[in-house]
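Asks: First the structure, then my questions, so here it is.
Each reported figure results from applying straightforward, stated rules to the coordinates on display, with no laboratory input. Keep in mind it's a predicted model, so treat the numbers as computed, not measured. For neighbour counting, all protein chains shown are included, and Cβ atoms are generated from backbone atoms with ideal geometry for every residue, glycine included.
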């Protein structure tokens with residue numbers, strides 16, 4: 001373990017020990033508390049929150065328990081920032097990583113409504129509520145041994161999802177639905193000021209990249225929304241062959257931008273995929289809709305005036 005990581009681990013252990021002392025009246029219990037929760041006190045918080053895409057169910061359960069370490073001991077955002085300073089010194093953000101769906105863009109209409117509307121001419125009879133329930137069940141099922149859903153254009157996965165959701169096996173229906181989600185009719189930007197803000201961020205010298213669990217339709221979708229040129233790089237899971245929260249996709253984005261992970265901050269709307277995944281890669285991370293609510297707020301937090 002590097003000297004820097006040892007310093008961070010000692011900081012984390014001491015912090016938990018202090019919190020344990022305050023809550024139980026008994027000090028020097030931090031390490032024991034960590035051990036009881038299956039958390040290795042010699043691991044940094046990024047490692048505590050690691051979940052490999054290849055992990056077995058048993059390993060995943062153990063890692064999920066470790067991931068809860070910060071919250072389990074009442075450690076909040078300030079504690080996490082203090083921990084990062086112990087590792088990296090004063091925090092600087094030379095790069096901004098942005099999640100796509102749910103952060104940069106959102107569907108213009110509910111998924112079940114579109115599946116139903118387009119499907120009517122192909123004989124789809126399920127109600128929107130039925131389609132939504134069947135979609136959720138199908139989406140939550142394990143997909144392949146690698147757990148990687150979006151391989152290349154993602155067609156095999158989405159065919160399975162559409163058929164499971166609607167009961168319709170018509171290939172023309174699938175093609176119409178599949179192509180619809182590559183157009184600007186299907187999506188719109190979350191933040192109407194995004195273009196102005198991203199320009200200001202890049203003009204300040206901060207690099208910007210998309211980090212998304214998506215298939216290869218993402219790039220044509222960004223072009224359709226006329227926002228591809230806002231970004232210096234795009235790290236999409238279908239191309240990287242790793243899905244969030246796997247840290248590989250965040251490390252790939254940093255590599256594309258030419259920055260160290262500790263100098264990047266990721267913004268996304270999913271705590272598991274975006275926050276835990278980015279932090280495991282060594283990046284800072286802010287939860288969209290909680291830590292930040294607009295890209296102008298993101299800009300202010302990284303020191304850029306818009």
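Asks: Rounded, prolate or oblate: which fits the stretch 129-192 when a ≥ b ≥ c are the square roots of the eigenvalues of the alpha-carbon gyration tensor, with rounded for a/c under 1.5 and prolate only if a/b beats b/c?
Replies: It is rounded, given that a/c, with a ≥ b ≥ c, falls under 1.5.
Asks: Separate question: Find how many whole Å separate the alpha carbon centroid of the stretch 289-305 from the alpha carbon centroid of the stretch 252-270.
Replies: Spelled out, the Cα-based centre of one part sits 16 Å from the other.
Asks: Can I ask one more? Place a label point 7 angstrom from the Cα of residue 164 along the Cα-to-Cβ direction, then list the residues of the stretch 101-127 whose backbone nitrogen is under 19 Å away.
Replies: 111-116, 125-127
Asks: Can you work out the FRET efficiency for the pair residue 153 and residue 92, with r the C-beta to C-beta distance and R0 = 35 Å, to the nearest 0.05?
Replies: With R0 = 35 Å, the Cβ-Cβ based efficiency is 0.40.
Asks: Between residue 188 and residue 202, 0.36 nm times their residue separation minus their Cα-Cα distance comes to what? Don't skip to the end; give the middle numbers.
Replies: Working: separation 14, 0.36 × 14 = 5.04 nm, distance 2.19 nm.
Answer, rounded to one decimal: 2.8 nm.
Asks: For a protection proxy built on the mean count of beta-carbon atoms within 10 angstrom, sort 118-126, 274-282 highest first, please. Can you show the working numbers first?
Replies: Details: 118-126: 15.3, 274-282: 26.6.
Ranked by mean Cβ neighbours within 10 Å, highest first: 274-282, 118-126.
Asks: Right, here's the next one. Which distance in nm do the two modelled labels at residue 117 and residue 226 give, with both placed 7 Å along the Cα-to-Cβ direction?
Replies: 2.2
Asks: Express in whole angstrom the spacing between the alpha-carbon centres of the stretch 104-143 and the stretch 165-196.
Replies: Each part reduced to its Cα centre gives a spacing of 11 Å.
Asks: Roughly what percent of Cα-Cα pairs across the stretch 182-306 reach past 26 Å? If you can, show how the numbers build up before the last one.
Replies: Working: 1078 of 7750 pairs.
Pairs farther apart than 26 Å: 14 percent.
Asks: Apply 1/(1 + (r/R0)^6) to the Cβ-Cβ distance of residue 180 and residue 125, taking R0 = 22 Å, and write down the FRET efficiency to the nearest 0.05.
Replies: 0.65
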